[in-house]
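Undergrad: Pasting a structure below so you can have a look.
The values are calculated or read from the model by the stated rules, or taken from the named source; none is laboratory data. From a predicted model like this one, the values you see are computed outputs, not experimental measurements. Every residue, glycine as well, gets a Cβ built from its backbone with ideal geometry; the counts of neighbours run over all protein chains shown.
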Amino acid sequence: MKPTEITRRELLAGAGLYVMIPVEILLAQEPERLPARAGYPTDFNAYLRIGPDGSVTGYAGKVELGQGAMTALAQLLAEELDVPYERVTMVLGDTELCPWDMGTFGSLTVRQFGPVFRAAAAEARAALLEMASEKLGVPVQDLEVRDGIVRERRNPERAVSYGALVAGRRIERRVSHATVKAPGAFQILGTAPSRKDGLEKVTGRAIYAGDVRLPGLLRARILRPPAHGAVLRELDTSEAEKIPGVQIVRDGNFVAVLHPQWDLADLALKRIRAKFEFQEVPLDDSNIFEHLVKNAPPPHTVHQQGDLAVGEKLAQIRLEATYLNSYVAHAPLETHSATAVVQGGKVTVWAGTQTPFRLKTQIAETLKIPEQNVRVITPYVGGGFGGKSASQQALEAARLAQLTGRPVQVVWDRAEEFFYDTFRPAAVVKIRAGLDAEQRLVFWDFYVYCAGDREAQQFYDIPHQRTLASGGWGSNPPGLHPFVVGPWRAPSVNTNTFARESHIDALAAQAGIDPVEFRMRHLRDPRMRRVLEAAASKFGWKPMKLPSGRGVGVSCAMYLGTYTAMMAEIEIDRNSGEIRVQRVVLAQDQGLVVNPDGSRQQMEGGIMMGLGYALTEEVRFRGRMVLDRNFDTYRIPRFSWMPRIETVLIENPEAPASGCGEPPIVNVGAAVANAFYDATGVRLYQLPMTPERVKQALAKT
Amino acid sequence: MVRTIRLTINGRTHEIETDDQRALLWVLREDLNLTGTKFGCGMGFCGACTVIVDRQAVRSCTTPVSAAAGKHVLTIEGLATDGQLHPLQQAFLERHAFQCGFCTPGMIMNAYGLLLQSPNPTRQEILDAMEGNLCRCGSYHRIVDAIEEAAARLRGGKQQ
């Protein structure tokens, strides 16, 4: 792979079509769907280029993590331009070629960037129609476009292709009016074409950041402390240096071993003798929750309505509980990787990152060079789930490239991946709630520590309620967590949903009402009611009083505009304490579905991944040392865990697309915990529901 | 020990002078630039590095290159022949049995190893054989379906 395949200058000087149109016109058409536009270019050229041969290249600052961004964005472009999907190529996450973007997270690619991108394509199409009108001498309203060819409707012989319209010319045209297509006119949106990344991924040709090969490339292995916050006191590299070809770089605490081969650099690293000094921190995975509650920052009020004191007086049944979840790792199969080269004061970094533009700024700051001298290229990313919003490895590669003057590649090993992961924060949720004499929820007092406030607010209809949140996955007071925490697929929401839906279930049990019926009685939002009904119908839910002994559970959640309802059926091995999830039904209303198969991939994958945080995944640590270092002790879902999965996508194309990468995972913890209660009459208050915790809970009864 | 190791990779014979205790994975990736074989865990726990050595699926991250000396190694890059995807690749592609794609070469090669040993596996045999290959994106159902389909196509002799 060459460092620069196409420069910005070449691109701008190329023979493609550049349509100059103010983006605001279109953005204004869909005010409720629009993101804060700060930073997005208004010049449409930034988003697409039509080549002389009629092929279309789309540019977006999003990255392909596996979630199908490349495919969905190509569909949006093809749809609005009326060109075949096959003729669209996407360039993603290249800070030199692509328009600025905040990053690929929050299920935002289609929901927030989609309208901007569609608008760009619609404007380009309008401009091309005007150009065709002049060329053919036919009014615009008599023209139609199919497969990138503009024709006169009544006389299809009179035609001109996009390619011919732009050939050899640079056109800067503004149009005053353009509209995006209505859902009824979609031909490509709502279909499931072959994924753009498929062929490269099944042939091994897909390039990830650690697959970049450059002449003279050195692989770096970096000396790591045994615990966070440790300081290097003694260093002896003499044995390492005996390996031919090894180069040692030291810059303060930062010590790296470089060699043309990763494994030999690693061998040399293991021969370094180093002593670190660090303070013992009296925290581990058993006392962390107490510590978090005691040390969390003061809460803020997420939502308040009615009067809790009044609600409490009305309550005939009160229920109070505390829910816990542990630190969870992202554990993508691709460890953090990056390749950097410095040439003539300019640095180019290929990075497995979810935030190429933020990384560009960070690299400039680290290397103390102007931002315009930094280019970040994001090849395929081998899974992110929030963990690659942090890109320390890319800063390390850039720093080493600058220090050595050679191209440098950093590929973390699995232990580094666990050690430096920005874990999903361990968290505590305390809930008090009550039912009146008619078994209606009258008060709800929800206090979440450290998970974050996203979707903490109650969506069930309760007159007197308050939601407080303290701390989160963003910035935290020093010392609150023993290591860095960060966003993990649907940040906050897995924790908040586990707590809320467990508690709602417990209240349904107290009321002696079927848990689906109990939820329906407290749901007004027709979209939420519809997904719950759809899930129940697919599942074949039979009304029951909890616990029924069957081992079925339900959970509902909202995630940034997407509605989900899940039902799970489990089996418990009472001897081993193992929970086996046998069947999961997930119904989801995400508004407009750009690609139903892509959505189902996310739903199936989210369910599988969710089984991990529900059943086994928790990071073991002692003080600021991370004890899990690989997949032998940190157990993630595997083939033998596969439940039967059924997904239901609600047809709702008139509602804006609200994203589907994260919502499918949020119900798994609660649906399984509720199924456990239904099977046993015992409630589990802590995730993950490990065999040890299951046995302990069952032993108490 | 540094010595000359002769091995056949994807039908081509290579002579490599290297420490024979180095993992096959790194010789493939770093010395031969065959980057389709992935590093995931370095200890044989995830299967991303799976390649075929003399008709057996092995974890190349824990296989010393000396163990492949004189043998035939097949990597993901060598699976398609004459520009034709192998039925496993075709089935993975059509069923979208991948997301991020990082585990995909290992999944396909491990499945290839299974089908060499057992051309007509039951669904349970597929699950058992694939148990050591991890997919964090959770494409497991589609992968099993793709393997079943590819097995059927291979038994049928021709791609449908």
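Undergrad: Anything in segment A:605-643 that is outside any loop (DSSP other than H, G, I, E, B), within 8 Å of chain B (Cβ to nearest Cβ) and in contact with a Gly (Cβ under 8 Å, 6 or more places away or on another chain)? List them, or say none.
TA: Matches in segment A:605-643: A:GLY605, A:GLY606, A:ILE607, A:MET608, A:MET609.
Undergrad: Based on what the data block shows, is A:LEU235 surrounded by 15 or more Cβ atoms within 10 Å (Cβ to Cβ), without any contact (Cβ under 8 Å) to a residue 60 or more places away in the chain and farther than 30 Å from B:ALA97 by Cα?
TA: On the way: surrounded by 15 or more Cβ atoms within 10 Å (Cβ to Cβ): yes; without any contact (Cβ under 8 Å) to a residue 60 or more places away in the chain: yes; farther than 30 Å from B:ALA97 by Cα: yes.
For A:LEU235, the condition - surrounded by 15 or more Cβ atoms within 10 Å (Cβ to Cβ), without any contact (Cβ under 8 Å) to a residue 60 or more places away in the chain and farther than 30 Å from B:ALA97 by Cα - is met.
Residue-by-condition table, conditions (1) closer than 26 Å to A:VAL485 by Cβ; (2) more than 21 Å from the chain's Cα centre (by Cα); (3) modelled with pLDDT under 95:
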site: A:ILE570; (1), (2), (3): no, yes, no
site: A:SER576; (1), (2), (3): no, yes, no
site: A:LEU592; (1), (2), (3): no, no, yes
site: A:TYR613; (1), (2), (3): yes, no, no
site: A:ARG624; (1), (2), (3): yes, yes, no
site: A:ASP628; (1), (2), (3): yes, yes, no
site: A:PRO637; (1), (2), (3): yes, no, no
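Undergrad: Any residue in segment A:414-425 that is among the acidic types (Asp, Glu) and away from chain B (no Cβ under 14 Å)?
TA: Quick first cut of segment A:414-425, residues among the acidic types (Asp, Glu) only: A:416-417, A:421.
Restricting the remaining residues to those that are away from chain B (no Cβ under 14 Å) gives none.
No: segment A:414-425 contains no residue that is among the acidic types (Asp, Glu) and away from chain B (no Cβ under 14 Å).
Undergrad: Being among the basic types (Lys, Arg) and at pLDDT 95 or above is true for just one of A:ARG125, A:ARG118, A:ARG87, A:ARG111. Which residue is that? Please lay out each step first, then the result.
TA: On the way: A:ARG125 fails: at pLDDT 95 or above; A:ARG118 fails: at pLDDT 95 or above; A:ARG111 fails: at pLDDT 95 or above.
It is A:ARG87.
Undergrad: Taking into account only those residues within segment A:330-386 that are part of a strand (DSSP E or B) and touching an Asp or Glu at 6+ places or on another chain (Cβ under 6 Å), which is nearest to B:ASN133 (Cα to Cα)? Full working, then the answer.
TA: Going through segment A:330-386, the residues part of a strand (DSSP E or B) turn out to be A:337-343, A:346-351, A:374-377, A:380.
The next check asks that each one be touching an Asp or Glu at 6+ places or on another chain (Cβ under 6 Å); those that pass are A:375, A:377, A:380.
On the way: A:ARG375: 35, A:ILE377: 29, A:TYR380: 20 Å.
So, considering only residues that are part of a strand (DSSP E or B) and touching an Asp or Glu at 6+ places or on another chain (Cβ under 6 Å), the one nearest to B:ASN133 (Cα to Cα) is A:TYR380.
Undergrad: What are the residues in segment A:447-494 that are aromatic (Phe, Trp, Tyr) and either crowded, with 24+ Cβ neighbours inside 10 Å or assigned to a loop (DSSP other than H, G, I, E, B) (or both), if any? Explain how you work it out, then say what you get.
TA: Of all residues in segment A:447-494, those aromatic (Phe, Trp, Tyr) come to A:447, A:449, A:459-460, A:473, A:483, A:488.
Matches in segment A:447-494: A:TYR449, A:PHE459, A:TYR460, A:TRP473, A:PHE483, A:TRP488.
Undergrad: Something else: Identify, from the list B:ALA146, B:ALA152, B:ALA111, B:ALA80, the residue that is surrounded by fewer than 22 Cβ atoms within 10 Å (Cβ to Cβ) and under 18 Å from A:THR203 (Cβ atoms). Let's see the steps before the verdict.
TA: Numbers: B:ALA146 fails: surrounded by fewer than 22 Cβ atoms within 10 Å (Cβ to Cβ); B:ALA152 fails: under 18 Å from A:THR203 (Cβ atoms); B:ALA111 fails: surrounded by fewer than 22 Cβ atoms within 10 Å (Cβ to Cβ).
Result of the check over B:ALA146, B:ALA152, B:ALA111, B:ALA80: B:ALA80.
Undergrad: Go through (1) on the phi > 0 side of the Ramachandran plot; (2) touching a strand residue (DSSP E or B) at 6+ places or on another chain (Cβ under 7 Å) and name the single condition A:LEU324 misses.
TA: Of the numbered conditions (1) on the phi > 0 side of the Ramachandran plot; (2) touching a strand residue (DSSP E or B) at 6+ places or on another chain (Cβ under 7 Å), the odd one out for A:LEU324 is (1).
Undergrad: Scanning segment A:387-413 for residues that are in a helix (DSSP H, G or I), of a type in the set (Gly, Ala, Ser) and under 18 Å from A:ASP251 (Cα atoms), which turns out farthest from the other protein chains (Cβ to nearest Cβ)?
TA: Kept after step one, since they are in a helix (DSSP H, G or I), are these residues of segment A:387-413: A:387-389, A:392-404.
Remaining after also requiring of a type in the set (Gly, Ala, Ser): A:387, A:389, A:394, A:397-398, A:401.
Narrowing the set further to residues that are under 18 Å from A:ASP251 (Cα atoms) leaves A:394, A:397-398, A:401.
Numbers: A:ALA394: 17, A:ALA397: 16, A:ALA398: 21, A:ALA401: 18 Å.
Within segment A:387-413, the match that is farthest from the other protein chains (Cβ to nearest Cβ) is A:ALA398.
Undergrad: Among the residues of segment A:228-248, how many are under 35 Å from the mean Cα position of the chain (by Cα) and closer than 28 Å to B:LYS38 by Cα?
TA: Result for segment A:228-248: 0.
Undergrad: Can you tell me which residues in segment A:516-546 are of a type in the set (Lys, Arg), under 27 Å from the mean Cα position of the chain (by Cα) and buried (at least 19 other Cβ atoms within 10 Å of the Cβ)? Give the derivation first.
TA: Here is the first cut: in segment A:516-546, the ones of a type in the set (Lys, Arg) are A:519, A:521, A:524, A:527, A:529-530, A:538, A:542, A:545.
From the residues that got through so far, the ones that are under 27 Å from the mean Cα position of the chain (by Cα) too are A:527, A:529-530.
If the condition is that a residue be of a type in the set (Lys, Arg), under 27 Å from the mean Cα position of the chain (by Cα) and buried (at least 19 other Cβ atoms within 10 Å of the Cβ), then no residue fits.
Undergrad: Going through segment A:254-270 one residue at a time, which ones are away from chain B (no Cβ under 14 Å) and either surrounded by fewer than 19 Cβ atoms within 10 Å (Cβ to Cβ) or charged (D, E, K, R) (or both)? Don't jump to the end; show me each part of the working.
TA: Here is the first cut: in segment A:254-270, the residues away from chain B (no Cβ under 14 Å) are A:254-257.
Within segment A:254-270, just A:PHE254 meets the criteria.
Undergrad: Here's something else I'd like to know. Cβ-Cβ distance below 6 Å, separation of 6 or more or different chains: which pairs start in segment A:262-274 with a residue that is at positive phi and end on one that is crowded, with 18+ Cβ neighbours inside 10 Å and modelled with pLDDT of 95 or more?
TA: Going by the 6 Å Cβ cut-off, there are no qualifying pairs.
Undergrad: Also: Out of curiosity, is A:SER176 in a loop (DSSP other than H, G, I, E, B), among the hydroxyl-bearing types (Ser, Thr, Tyr) and within 12 Å of chain B (Cβ to nearest Cβ)? Please lay out each step first, then the result.
TA: Numbers: in a loop (DSSP other than H, G, I, E, B): yes; among the hydroxyl-bearing types (Ser, Thr, Tyr): yes; within 12 Å of chain B (Cβ to nearest Cβ): no.
No: the conditions fail for A:SER176.
Undergrad: Among the residues of segment A:546-583, which ones are hydrophobic (A, V, I, L, M, F, W, C) and over 30 Å from A:PHE186 (Cβ atoms)? Steps first, please.
TA: Taking segment A:546-583 first, the residues hydrophobic (A, V, I, L, M, F, W, C) are A:546, A:552, A:554, A:556-558, A:560, A:565-568, A:570, A:572, A:579, A:581.
Matches in segment A:546-583: A:LEU546, A:VAL552, A:VAL554, A:MET567, A:ALA568, A:ILE570, A:ILE572, A:ILE579, A:VAL581.
Undergrad: Of all residues in segment B:118-153, which are away from every other protein chain (no Cβ under 14 Å) and either over 23 Å from B:GLN84 (Cβ atoms) or modelled with pLDDT under 95 (or both)? Talk me through it step by step, then tell me what you get.
TA: Taking segment B:118-153 as the starting set, the residues that turn out to be away from every other protein chain (no Cβ under 14 Å) are B:118-120, B:151-153.
Residue satisfying the conditions is B:SER118 alone.
Undergrad: A further question on this structure: Could you list, in sequence order, the residues of segment A:397-455 that are of a type in the set (Val, Ile, Thr), closer than 30 Å to A:VAL619 by Cβ and more than 30 Å from the chain's Cα centre (by Cα)? Full working, then the answer.
TA: Within segment A:397-455, the first condition is being of a type in the set (Val, Ile, Thr), and the residues that meet it are A:404, A:408, A:410-411, A:422, A:428-429, A:431, A:442, A:448.
Now drop any that are not closer than 30 Å to A:VAL619 by Cβ, which leaves A:408, A:410-411, A:422, A:428-429, A:431, A:448.
Residues satisfying the conditions do not exist here.
Undergrad: Kindly evaluate A:ARG580 against the criterion of being over 29 Å from A:LEU77 (Cα atoms), within 14 Å of another protein chain (Cβ to nearest Cβ) and of a type outside the set (A, V, I, L, M).
TA: yes
Undergrad: Across segment A:196-243, which residue is nearest to the other protein chains (Cβ to nearest Cβ) among those that are on the phi > 0 side of the Ramachandran plot and in contact with a Lys or Arg (Cβ under 8 Å, 6 or more places away or on another chain)?
TA: Restricting attention to segment A:196-243, the residues satisfying the condition of being on the phi > 0 side of the Ramachandran plot are A:204, A:216, A:229.
Remaining after also requiring in contact with a Lys or Arg (Cβ under 8 Å, 6 or more places away or on another chain): A:216, A:229.
Details: A:GLY216: 13, A:GLY229: 26 Å.
Looking at residues that are on the phi > 0 side of the Ramachandran plot and in contact with a Lys or Arg (Cβ under 8 Å, 6 or more places away or on another chain), I get A:GLY216.
Undergrad: Taking segment A:19-69 only, how many residues are in contact with a Cys (Cβ under 9 Å, 6 or more places away or on another chain) and either modelled with pLDDT under 90 or over 29 Å from A:LYS388 (Cα atoms) (or both)?
TA: 1
Undergrad: Further question: Output yes when any residue across segment A:134-141 is modelled with pLDDT of 95 or more and either surrounded by 17 or more Cβ atoms within 10 Å (Cβ to Cβ) or hydroxyl-bearing (Ser, Thr, Tyr) (or both), and no when none is.
TA: Yes, there is a match, as at least one residue in segment A:134-141 is modelled with pLDDT of 95 or more and either surrounded by 17 or more Cβ atoms within 10 Å (Cβ to Cβ) or hydroxyl-bearing (Ser, Thr, Tyr) (or both).
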